[in-house]
Amino acid sequence: MITIASLADTGEKIISQFGIDYPLLIAQCINFIIVASAIWFFAFKKILSTIKDREKQIADSLKNADKIKLELEQTQQKQQDTLNEASMEAKKTVSVAQEQAKSLLEAQKEEARQEAEAIIAKAKSAMELERQNVLNDARQEIASLVILATSRVLDRELNDDERKRFTEQAENYVEQR
C-alpha cells in the first residue's frame with residue numbers, strides 16, 4: 001500500500017515538474033491524428049494510385065516492345081528462309097544457264113535485303129516511337145504529380161512561372177534517369 005502511494009506521489013511529481021497538461025496533450029494528439037489522416041486521404045492515396053497506374057502502363061509498353069522485338073526476329077527468320085530458298089533456286093538454275101542464275105540470284109538477294117532493311121527500319125522506328133511516347137508520358141505525368149504535390153504541400157495554387165519551373169525540373173530529373 002505504501003509502495004502504491006509512493007508511486008502515485010512520484011508520478012504526480014513528474015507530471016508537475018514537466019508541466020504536463022492533460023487536456024492540451026489530448027488536444028495535440030487529436031490534431032495530429034486529424035492532420036495525418038487528411039494528408040493520407042487527400043495526398044498519398046491519390047499519388048500512390050497514380051504511380052501504380054503509371055507502372056502498369058509502363059509494363060504494358062514494355063510487353064509491347066517485347067512483342068515488336070519478337071516480330072522483328074520472326075521477320076529476320078523469314079528473311080533468312082527467303083534467302084535460303086533463293087539460294088537453292090539459284091543453284092538449280094545454274095545447271096541450266098550459269099549466267100542467268102548469277103544475275104537472278106543477285107537481284108533476289110538485293111530485293112530480299114531491301115525488304116528486310118525496310119521491315120527492320122519500320123520495326124526500329126516503331127519501337128523508338130513507342131519508347132519516346134512512354135518517356136514523354138512519364139515526363140508529363142511526373143511533372144503534373146510534382147505540381148500537384150507541391151501545391152498540396154504549400155496549400156495554395158501555383159502561378160504559371162512556378163508551374164513551369166517545377167515542370168522543367170521534373171523533366172530534367174526524368175531525363176537524367
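The values are calculated or read from the model by the stated rules, or taken from the named source; none is laboratory data. Remember, predicted model here, so these are calculated numbers, not experimental data. We place every Cβ from the backbone using ideal geometry, glycine too, and count neighbours over all the protein chains shown.
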Practice problem: Would you mention how many residues in segment 16-42 are surrounded by 10 or more Cβ atoms within 10 Å (Cβ to Cβ), in a loop (DSSP other than H, G, I, E, B) and not aliphatic (A, V, I, L, M)? | Solution: 1
Quiz prompt | Which listed residue is surrounded by 11 or more Cβ atoms within 10 Å (Cβ to Cβ) and either touching a His at 6+ places or on another chain (Cβ under 7 Å) or over 30 Å from ALA123 (Cα atoms) (or both), from LYS45, LYS13 | solution = LYS45
Exercise. Scan (1) surrounded by 13 or more Cβ atoms within 10 Å (Cβ to Cβ); (2) modelled with pLDDT of 75 or more for the single condition ASN133 breaks and write down its number.
Key: (1)
Quiz item: Is it the case that some residue within segment 144-162 is modelled with pLDDT of 75 or more and touching a Ser or Thr at 6+ places or on another chain (Cβ under 7 Å)?
Solution: yes
Exercise. Select from segment 50-73 the residues that are of a type in the set (Asp, Glu) and closer than 16 Å to ALA138 by Cβ and list them in ascending order.
Key: ASP53, GLU55, ASP60
